[in-house]
1. If I filter the stretch 104-112 for residues that are part of a loop (DSSP other than H, G, I, E, B), of a type in the set (Gly, Ala, Ser), open to solvent by 10 Å² or more (accessible area, probe 1.4 Å) and modelled with pLDDT under 85, do I get at least one hit?
2. Just to be sure, is residue 50 part of a helix (DSSP H, G or I), open to solvent by less than 60 Å² (accessible area, probe 1.4 Å), more than 30 Å from residue 174 (Cβ to Cβ) and not small (Gly, Ala, Ser)?
3. Restricting attention to the stretch 155-166, which residues are open to solvent by 10 Å² or more (accessible area, probe 1.4 Å) and either under 14 Å from residue 89 (Cβ atoms) or of a type in the set (Gly, Ala, Ser) (or both)?
4. Please enumerate the residues belonging to the stretch 73-99 that are touching a strand residue (DSSP E or B) at 6+ places or on another chain (Cβ under 8 Å), open to solvent by 10 Å² or more (accessible area, probe 1.4 Å) and either more than 28 Å from residue 147 (Cα to Cα) or part of a loop (DSSP other than H, G, I, E, B) (or both).
5. Check residue 58 against each of (1) in a helix (DSSP H, G or I); (2) modelled with pLDDT under 75 and name the one condition it does not meet.
6. Quick one: would you say residue 191 is closer than 14 Å to residue 263 by Cβ, in contact (Cβ under 8 Å) with a residue 12 or more places away in the chain, polar (S, T, N, Q) and touching a helix residue (DSSP H, G or I) at 6+ places or on another chain (Cβ under 9 Å)?
7. Looking at the structure I just gave you, is residue 44 modelled with pLDDT of 90 or more, assigned to a helix (DSSP H, G or I) and under 30 Å from residue 165 (Cα atoms)?
8. Counting just the residues of the stretch 138-149 that are free of Cβ contacts under 8 Å to residues at least 40 places away in the same chain and in a strand (DSSP E or B), which one comes out nearest to residue 31 (Cα to Cα)?
Amino acid sequence: MSAVMITRKVRKWEKLPGKNTFCCDGRVMMARQKGVFYLTLFLITGTCALFFAFECPYLAVHLCPAIPVFAVLLFLFVMAMLLRTSFSDPGVLPRALPEEATFIEMEIEAANGNVPAGQRPPPRIRNVQINNQIVKLKYCYTCKIFRPPRASHCSICDNCVDRFDHHCPWVGNCVGKRNYRYFYLFTLSLSLLTIYIFTFDIVHVVMRSMNGGFLNTLKETPGTYPLKLSLTVLEVLVCFFTLWSVVGLTGFHTYLISLNQTTNEDIKGSWSGKNRGQNPYSHKNIIKNCCEVLCGPTYPSNIGTAINPTVSVTMFIVLSLQKTTAPLIPNEHTPDDAKPSIAASAEKSPSPKEEHPAATKVPPLASPETDAETSIAKERAH
């Protein structure tokens, strides 16, 4: 009998050199610093458990039986959005393979020319045009790739994340292209849950006081009701201090979504100031911006598929994007003798209409950032 050897395909997340932990065959991804995430779980579950144990029985009998039912549904939704945000891939971009990193370094050196000794080399950037706006693609010295538009390198996770918003220690993960909508729904639902518990905690205390049973029973049975009163006050304090931060965070991200902007872009002032251009990703319409961010397509993970030895990691990413292209523009640091070659390569590249005459049109709410990403793929293909 001949033995059949079954070779297991190596997943990309198994070779990812970033500071992340994986389990469940790569389906669960988190940062290594998870202490604050456990604190978030404790605060949410602990506060809700106290509310279900002490306030809900009284409110269901004396006010409305639907109060605990709605609280349970809201609590389950909050936990689902929290776990989805914390355990999902935010949009990590795999690093370049050694062969591709060497090739990119040679291209950069050829474009910049020989730098005299003692002089600082020019920054490694490439310019692309998105909606008639010049956007610079920065080179990541750690991942050895030119980052797509709106991507950034997270110093905590040590990965480049597509459409990087920020690293949130409260959820124990980065917030990026693939989990931003779940993060926003988590903050929104948590705000509603906090307001809900805080309101009915106050209603519970007021109803007990008006009926004359809360303080009187406290004097008659000093063994049980002091504990209940202390726990109720603790719930009110936790909800009060949580309310301002969570509601403020939800309002801030609502503002960013209406402008189709990220926290990273807002902090850096990428599209604000006198010398800054307009945001090329905004549709100039609040409804369209909200629909793109919250109702757009679910993007596949770049680190969940098997490694193909004939295709480099970064080349796999850029070739997988199927959007129209934007022209690559020589930057201000490109030598004059290299600019005609770039322009010639752009002219020789056939237009999308010639290559795919029956291609479907891009939906009106499609994100323009993918245009620039595909331009990188076309440049590497040539």
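The values are calculated or read from the model by the stated rules, or taken from the named source; none is laboratory data. It should be emphasised that the depicted structure is a prediction, and the values quoted were computed from it without experimental measurement. Cβ sites come from the backbone with ideal geometry, for glycine too, and all protein chains shown count toward neighbours. Side chains included, ligands, DNA and RNA excluded: accessible areas come from the protein's heavy atoms. Shrake-Rupley method; radii C 1.70, N 1.55, O 1.52, S 1.80 Å.
1. no
2. It is true that residue 50 is part of a helix (DSSP H, G or I), open to solvent by less than 60 Å² (accessible area, probe 1.4 Å), more than 30 Å from residue 174 (Cβ to Cβ) and not small (Gly, Ala, Ser).
3. 155, 162, 163, 164
4. 88, 89, 95, 96
5. Unmet for residue 58, out of (1) in a helix (DSSP H, G or I); (2) modelled with pLDDT under 75: (2).
6. In short, no.
7. The answer is yes for residue 44.
8. Filtering the stretch 138-149 for residues that are free of Cβ contacts under 8 Å to residues at least 40 places away in the same chain and in a strand (DSSP E or B), the one nearest to residue 31 (Cα to Cα) comes out as 140.
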